[in-house]
Structure formats: structure tokens, C-alpha cells
Amino acid sequence: MPVDYFDPLFFGDDYRPPESSTVLANEPDESHTIARDATPVASPASNVSVSISTTFHAQLGFTGSLPDTTLMTSDSVLFYVHSLHLKRSSANGFGTLLLKTYSTSIPVQETAALLNVVLHSFYNMGCQKYDPSVEIMLQVLDSLKKYGARLQHIVAPSMPLFNHFVKQAPRQPLGFYIVAASHDLHALAAEVSGYLLSYPLTSITDGEAEKMGPLYYKKLYVLHRSRTETLRTLLFVRPEGHTATVNCSPFDQQRLKRAWELAAAQILWDTQPDLSPSVIQNALSSLASHVSCDICKNSLDKKISQILVQWSMTPRTIESSSKSLAVEGTWQKTRFFTILLPTSIG
Ligand SMILES: [Zn+2]
């Protein structure tokens with residue numbers, strides 16, 4: 001269960017947000033992890049019910065200063081913030097909200113669950129303990145942009161929000177890829193793309209393609225294409241033959257090559273970019289049971305091992321998949337599906 005991000009409190013009718021104060025801050029104090037029982041003092045003799053953030057409360061210290069501004073969400077949860085820090089971290093005065101003077105809490109359109117992630121991001125604080133839903137995470141980049149956050153910094157690799165996106169990516173990989181792409185966050189899109197290897201690109205709707213944009217659609221296409229073409233190229237190279245022996249003639253070795261081609265064709269017939277190495281291994285290793293020549297068996301084992309190693313090293317994300325397209329030309333010159341079924345193997 002996610003941790004509650006606010007406590008309901010009861011304030012007196014004379015309750016007022018904290019007075020404004022000058023804040024010089026860059027990083028949050030240790031006190032930002034304050035416990036729930038350290039939420040602000042309030043008068044219980046009231047008839048006004050207010051919920052308040054358990055992290056962004058009136059006592060949240062930030063480089064020695066207390067909050068000077070309060071934000072009220074659409075579902076009536078109060079967040080205490082340091083206006084100077086938000087203005088310095090924002091390119092537009094936190095959506096112009098902090099460019100004006102308010103005598104009361106500033107209303108925002110976001111729900112508490114969404115604003116909670118937005119503010120944690122502005123303060124470079126992790127919000128994993130709240131386990132925000134996929135729906136919230138899919139909205140947070142748009143909200144951060146609306147409030148003038150510098151996304152390339154806030155969602156840079158190793159930043160708390162970046163790590164949280166990566167952790168949640170398996171839940172909704174296409175959705176996270178789209179939001180990363182729509183904000184041109186390549187590093188995040190690259191991390192997420194690894195979870196899309198089994199996703200059929202033909203299932204992407206026009207609207208989804210439009211949201212991610214042609215560049216990131218192409219990156220995904222190249223990733224899928226490069227992996228399937230790499231596998232074709234790896235399987236094209238047959239096990240090495242050897243000089244004829246009493247037990248293994250050139251004809252016997254030719255039958256092994258044709259059996260290899262058949263197994264390769266079966267692997268590639270319905271292959272996916274995320275094809276498991278075990279599928280490749282099982283399909284190719286089965287050929288050994290029909291081979292009596294030890295030299296051919298060793299050659300077969302060696303080739304299978306080489307393919308599995310190279311397949312495991314084939315890029316799995318858009319980060320570097322474009323470099324693998326060089327193999328495409330090789331395959332186009334060397335298709336080998338026009339083979340005959342072998343009757344037996346030497
Ligand atoms: Zn042989």
C-alpha cells in the first residue's frame with residue numbers, strides 16, 4: 001500500500017498560512033523526511049477541515065528556512081513550499097503562480113497525488129515511498145513542464161524522478177515511452193525502450209505515433225529492425241565444415257548445412273526482437289542428435305555458442321541500436337530460405 005501523502009488536520013477559523021520569508025536555498029534539509037507526527041501544530045478548536053501534505057508541511061526546513069507559501073490542490077490538500085526555491089527552479093515563475101501576491105493559499109488544478117510528485121521533483125526528492133500510480137506518472141511530465149521545470153535536468157539519469165520512471169516502466173512501457181519521447185527525453189526513452197522489444201509496432205495507433213513523434217517512432221522501428229536483422233545475419237553463418245573423412249563425407253556435411261538452414265528458417269519464421277536465447281539454443285542443439293561425426297558436432301556446438309554470445313550482446317535499447325543497422329545490408333544479399341528438406345544428416 002502506498003504511504004499516505006497527507007494528514008487530515010483541523011485548523012481554527014483564525015488559521016493563516018505562515019508569513020512570507022526570504023529563502024536562500026538549493027537543496028532540501030534532512031528534515032524533509034520528517035515523520036508524520038511532526039506535521040504542523042494546529043488549533044483543534046475549529047470547524048474547518050484541512051488535509052496537509054506529510055512531506056510539504058509548515059515545518060519543512062530547506063537550508064535553514066521554513067516555507068512561506070501554500071498551494072491548495074483541487075482535492076483540498078495543502079502543500080507548504082519555499083517560493084524562492086520554486087521560482088529559481090522554474091522558467092516561468094511556477095506557471096506564473098508565484099509572480100503574483102496571494103493573501104491565502106494558491107489554488108492549483110492538480111490533485112494532491114499529482115502535485116506531490118511534482119513538488120518532490122522540484123525539490124529533487126525521491127517519492128518512491130508514495131508509490132504514485134501509473135496514471136499519475138504519465139501526467140507528471142506535462143505538469144512539470146507547465147510549471148516551468150527544466151525537464152532535461154529534473155529527469156536526467158540518476159535523478160530521483162528518472163529512477164522512478166525506470167522502475168515503473170514495465171507497468172506501461174508504451175505509455176512511458178510516449179511521454180519521454182514527447183518531451184524529447186532521450187535517456188529516459190532509451191531505458192523504457194528495452195521493455196518494448198516484444199511490443200508489435202503495428203499495434204501503435206496513429207494517435208500514439210503522433211504523440212511520440214516521427215523521430216522516436218523511427219528509433220523504435222530501427223531498434224526492432226536491427227535486432228531481427230542481426231539475428232538473421234548470425235544464423236546465416238553455418239557451422240564450419242572439414243576435410244572429408246571415412247565417417248563424414250562432403251555429402252554428409254552438406255546435409256548438416258541444409259538442416260542448419262532449415263532450423264534457422266524455423267527460428268526466423270516468426271521471430272521477435274526479444275527472442276529468448278533458449279529458443280535459439282533448443283532449436284539448433286536438436287541438430288546434434290542427428291550428427292554422428294565428432295568434428296561436425298564440435299563445429300555445431302562452437303557455432304551455437306558464438307551465436308548465443310553475440311545475440312546477448314545485441315543492443316536492447318534505442319540508445320545504440322542504430323549502430324547495428326550495418327548488418328542489414330549483409331542479410332539482404334544472403335537470403336537462404338530456398339532450401340530443401342534433408343532426409344538425413346551425416
Ligand atoms: Zn563431419
The one condition in (1) assigned to a helix (DSSP H, G or I); (2) modelled with pLDDT under 50; (3) among the polar types (S, T, N, Q) that SER312 fails to fulfil: (2)
Test: residue in segment 114-129 that is in contact (Cβ under 8 Å) with a residue 40 or more places away in the chain, closer than 22 Å to PHE62 by Cβ, out of contact with any helix residue (DSSP H, G or I) (no Cβ under 9 Å at 6 or more places or on another chain) and assigned to a loop (DSSP other than H, G, I, E, B): no
Some residue of segment 267-276 being within 16 Å of the ligand (Cβ to nearest atom), in contact (Cβ under 8 Å) with a residue 24 or more places away in the chain and more than 28 Å from the chain's Cα centre (by Cα): no
Candidate set from segment 248-266 (those that are part of a helix (DSSP H, G or I) and polar (S, T, N, Q)); member that is farthest from the ligand (Cβ to nearest atom): GLN266
Wholly enclosed helices (runs of 4 or more DSSP H) of segment 142-236 bearing at least 1 residues closer than 30 Å to HIS85 by Cβ: 151-154, 160-168, 173-182, 186-193
Pick from segment 221-247, criterion in contact with a helix residue (DSSP H, G or I) (Cβ under 8 Å, 6 or more places away or on another chain) and within 16 Å of the ligand (Cβ to nearest atom), ranking: nearest to THR202 (Cα to Cα): ARG238
Residues that are touching a residue at least 60 places away in the same chain (Cβ under 8 Å) and over 11 Å from VAL118 (Cβ atoms), drawn from segment 142-165: ARG150
Unique residue being under 20 Å from THR111 (Cβ atoms) and either at pLDDT 50 or above or among the aliphatic types (A, V, I, L, M) (or both) when the list is THR96, THR55: THR55
Selection from segment 248-266 of residues that are free of Cβ contacts under 8 Å to residues at least 60 places away in the same chain, surrounded by fewer than 19 Cβ atoms within 10 Å (Cβ to Cβ) and in contact with a helix residue (DSSP H, G or I) (Cβ under 9 Å, 6 or more places away or on another chain): ALA263, GLN266
Hey, LEU201 within 16 Å of the ligand (Cβ to nearest atom) and either touching a Cys at 6+ places or on another chain (Cβ under 9 Å) or not assigned by TED's automatic domain parsing to the domain that holds SER312 (or both) or not: no
Unique residue being touching a residue at least 60 places away in the same chain (Cβ under 8 Å), basic (Lys, Arg) and within 16 Å of the ligand (Cβ to nearest atom) when the list is LYS302, LYS297: LYS302
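The values are calculated or read from the model by the stated rules, or taken from the named source; none is laboratory data. Remember, predicted model here, so these are calculated numbers, not experimental data. A quick note on method: Cβ atoms are made from the backbone with ideal geometry, for glycine too, and the neighbour counts reach across all protein chains shown.
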